[in-house]
1. With a Förster radius of 35 Å, plug the Cβ-Cβ distance of E54 and L115 into 1/(1 + (r/R0)^6) and report the FRET value to the nearest 0.05.
2. So which GluC sites (Glu not before Pro) in segment 1-67 are both in a DSSP loop and have at most 10 other Cβ atoms within 10 Å of their Cβ?
3. Within the chain, what's the longest run with no trypsin sites (Lys or Arg not before Pro) in a DSSP loop and at most 15 other beta-carbon atoms within 10 Å? Give the range, please.
4. Would you report the distance distribution of C-alpha pairs in segment 106-161 as whole percents per 10 angstrom bin, up to the bin with the largest distance?
5. Find the Cα radius of gyration of segment 1-81, compare it with 2.2 N^0.38 Å by division, and give the number to two decimals.
6. Add -39500 (n - 2.57) for each DSSP H run of 4 or more in the chain, then divide by its residues: what number comes out at 222 nm, to the nearest 500 deg cm²/dmol?
7. Would you mind checking K83/K124; K22/K103; K83/K103; K53/K158; K22/K104 for any pair whose Cα atoms are more than 19 angstrom apart?
8. Let a ≥ b ≥ c be the square roots of the eigenvalues of the Cα gyration tensor of segment 67-118; is it rounded (a/c under 1.5), or, if not, prolate (a/b larger than b/c) or oblate?
Amino acid sequence: MNSKLNNLLDNGRFGEAASLLKSHLKAAEIIDPSNDRSWGPYADQVSSRILSKEGQDAFNLFWQELLAFFTKDLEPTWGHLHKGHALFRLGLGRLSDDISAAKKFLEEALDEDRLLEMKRAEGKSADIEKLIRGYSSYVTLCIIERIENEQFDSDIEKQKFFRYFFSTSFDAAIGGEN
C-alpha cells in the first residue's frame, strides 16, 4: 500500500489517496481500524501532503471526512473504534481559527483516550486519569489552558500564536521525529 499511496500523493491525487486508505481500513487489510497506531501514520501522511499543497481547510476536511467514515462505515461492523487520533488532528487543525472548537475536539480525543485506557484495564483497578496524562490530547489541552488567557493584543494575535506554536514542529516533538 505504501508505494501506491506515495505515488498518489506525489501526483497530487489526494482524493484517491484518501479513498485508498479508507478501502484498506474497511477491508482491514494491512492496517487495523481498531488500532490508530496502525492507520494513523498513513492518515498523517495523506493529511500532511494535503496541508502543504491545499491548506488548512482541506486538511480539516480530510480529518472530518475520515472521522465520519469511522463513525458511519466502520463502527457499524466493528463496534466502537478509538478515534482519538482523528479528533486530536481536528483539534490541532482548528486552533488557528477557533480555539473553542479546537478544545472541543481535543476534549473528545481525551474522552476516547479514557475509553481506551478503561478497555485496557479490563475491569482491573486503574487510575485512568493518571494514565491519560501521557496522551497528546491531555498535554495539548494543558498547554492551551495555561496560555489561552495570557495577554494578547487581539484574538487574531492569539490565534496566530497557537497556529505557530502547534505547527508541524510540534508534531515532530510528539512523534519523536527529527
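No value in this document is a laboratory result; all are computed from the given coordinates. Remember, it's a predicted structure, so these values are computed and weren't measured experimentally. With ideal geometry, Cβ positions are generated from the backbone for all residues, glycine too; neighbour counts draw on all protein chains shown.
1. Details: r = 32 Å, r/R0 = 0.92.
Efficiency at R0 = 35 Å is approximately 0.60.
2. Working: sites: E16, E29, E54, E65; in loops: E29.
The qualifying sites are E29.
3. Details: sites that count: R13, K124.
Within the chain, the longest run free of exposed trypsin sites (Lys or Arg not before Pro) spans 14-123.
4. Distribution as computed: 22, 38, 21, 13, 5 percent.
5. Working: Rg = 12.1 Å, N = 81, 2.2 N^0.38 = 11.7 Å.
Scaled against compact globular proteins, the figure is 1.04.
6. On the way: 11 runs with 129 residues, N = 178.
After summing the helix terms and dividing by residue count, I get -22500 deg cm²/dmol.
7. On the way: K83/K124 23 Å; K22/K103 27 Å; K83/K103 16 Å; K53/K158 25 Å; K22/K104 25 Å.
Going by Cα-Cα distance, K83/K124; K22/K103; K53/K158; K22/K104 fall outside the 19 Å limit.
8. Details: a/c = 3.38, a/b = 1.64, b/c = 2.06.
Oblate shape, in that a/c is at least 1.5 and b/c is the bigger or equal ratio.
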